[in-house]
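Asks: Input: one structure, supplied below.
The values are calculated or read from the model by the stated rules, or taken from the named source; none is laboratory data. Predicted model, so just to flag it, every value in this text is computed and none were measured. Because the Cβ atoms are built from the backbone with ideal geometry, glycine has one as well, and the counts that use them run over all protein chains shown. Only protein heavy atoms, including side chains, enter the accessible area calculation; ligands, DNA and RNA are left aside. Shrake-Rupley method; radii C 1.70, N 1.55, O 1.52, S 1.80 Å.
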Amino acid sequence: MSYRIAICAAQIPFVRGGAEVLYESLRDELLRRGHQVEIVSLPFNWSTRLNIVQSALAWRLVDLTSAAGQPIDLVIGTRFPSYLVRHPRKVVWLIHQFRQIYELKGTRFSDFGVRPEDPGIEAMLTRLDQRGLGEARARFAISRNSAERLRRFNGLDAEPLYPPPKLGDRYRSEAPGEYVFCVGRLDPMKRFDHLVRAVAQTRSGVRCVLAGEGPERERLLRLAAELGVADRVEILGRIEDERLIELYARALAVHYAPFDEDYGYVTVEAFKSGRAVLTSSDSGGVLEFVRDGENGFVTDPDSPRELALRIDRLAADRELARALGRRGQLAVAGISWDAVVPRLLSPLR
């Protein structure tokens, strides 16, 4: 049976990341299965406290019960504040809430809690979350990490449901090369600087190749120059899919060590490419897949030397790099749309 489905997407203009990949991949998969699907997005402006509240309330005013005289059978809310939309058959596939008032509060990644008006705004947003998430017919989260945050801060349960990576079965594995690969938005929370600092302390001469765009680009280039490894650090910017597949396939390993990541497509893509993953002990959802010494290495985020030693170990033992990557492939073998779609559509049965 074909359904009319709206995927609700909070969009930060001119910014593209994993959330956008999820929206589009889900849409394409539902279309492939014969459903009528639209991504309905509203801009999310978080430049001021007022803008955040207005963006949240805007979703409460959106009416998606019908379109052009035809009912919309299901809405799927994703990240804050899109899941605040009202609909009699609403499912939430939670990416994350407004993290700055929850797990990021008190860290360098949030400025909430410093202004007199903050307690009132935080209370308002928390109440909106309780209502908007609580009224969903079914709640899922993109990882155990996101589900646990929801339980801890809002007392609501969600079933972990891992999103498959965009390129499906197109990832491949080749012989480990001479570089560590890292991909994503060049943002402070992604901590690309960890890899640059580690490369400066390696003895093997391994390079690092970074793919992505973002505000950290110039700082990373300056850091590489200051550490004397400008010739061993390459920042490619945004790349096409075939180039991405190639870079994964030929890497010595993949480094992915963001701070408390929600999920992390990079981990799954790396494992599907048969690459070992290097991460940190505080990297959140990444740790749902990476096992230290089994399919990658988990190191202290404050110790670039420790990461450098792991990189040198892989450079000296290519068979170890291959073995870790093969075990990584097994860790993500069950992630598929056949596991995701029936759960998301379960309220329609």
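Asks: Roughly what percent of Cα-Cα pairs across segment 233-310 reach past 17 Å?
Replies: 45 percent
Asks: List residues of segment 143-173, by number, whose backbone nitrogen lies under 13 Å from a label position 7 Å along Cα→C-beta of Met189.
Replies: 146
Asks: Another question about this same structure. Quick one: work out Rg over Rh on the C-alpha atoms of segment 104-154, Rh as Kirkwood radius.
Replies: Radius of gyration over Kirkwood radius for segment 104-154 works out to 1.03.
Asks: Mind ordering 261-273, 46-58 by average Cβ neighbours within 10 Å, highest first?
Replies: 261-273, 46-58
Asks: Can you give the Kirkwood hydrodynamic radius of the chain from its Cα pairs, in Å with one decimal?
Replies: Final number for the Kirkwood radius of the chain is 21.1 Å.
Asks: In segment 261-349, how does Rg compare with the Kirkwood Rh, expressed as the Rg/Rh ratio over alpha carbon atoms?
Replies: Rg divided by Rh gives 1.09.
Asks: Write down, largest first, the equivalent ellipsoid semi-axes of segment 176-311 in whole Å, where each equals the square root of 5 times an eigenvalue of the alpha-carbon gyration tensor.
Replies: Largest first, segment 176-311 gives 19, 17, 15 Å.
Asks: How many times 2.2 N^0.38 Å is the alpha carbon radius of gyration of segment 24-154?
Replies: Against the empirical 2.2 N^0.38 Å value, I get 1.12 for segment 24-154.
Asks: Give me the percent of accessible area attributable to carbon and sulfur for the chain, probe 1.4 angstrom.
Replies: 50 percent
Asks: Compute, for the chain, the length of the dipole vector about the Cα centre, with Cβ point charges of +1 (Lys, Arg) and -1 (Asp, Glu) only. Units Debye, rounded to 20.
Replies: Taking the Cα centre of the chain as origin, the dipole is about 560 debye.
Asks: Rounded to the nearest whole Å², what accessible area per residue is found for segment 17-57 with the 1.4 Å probe?
Replies: Here the per-residue accessible area is 50 Å².
Asks: While we're here: Rounded to the nearest whole Å³, what is the per residue volume of the convex hull around the Cα atoms of segment 156-197?
Replies: Spread over its residues, the Cα hull of segment 156-197 gives 157 Å³ apiece.
Asks: Using alpha carbon centroids, what distance separates segment 139-164 and segment 241-262, in Å?
Replies: Using only Cα atoms, the two centres lie 24 Å from each other.
Asks: Radius of gyration and Dmax for segment 60-125's Cα atoms, expressed in Å?
Replies: 15.7, 48
Asks: Write down the accessible area per residue of segment 77-134 in Å², having rolled a 1.4 Å probe over the full set of protein chains.
Replies: Dividing the accessible area of segment 77-134 by its residue count gives 40 Å².
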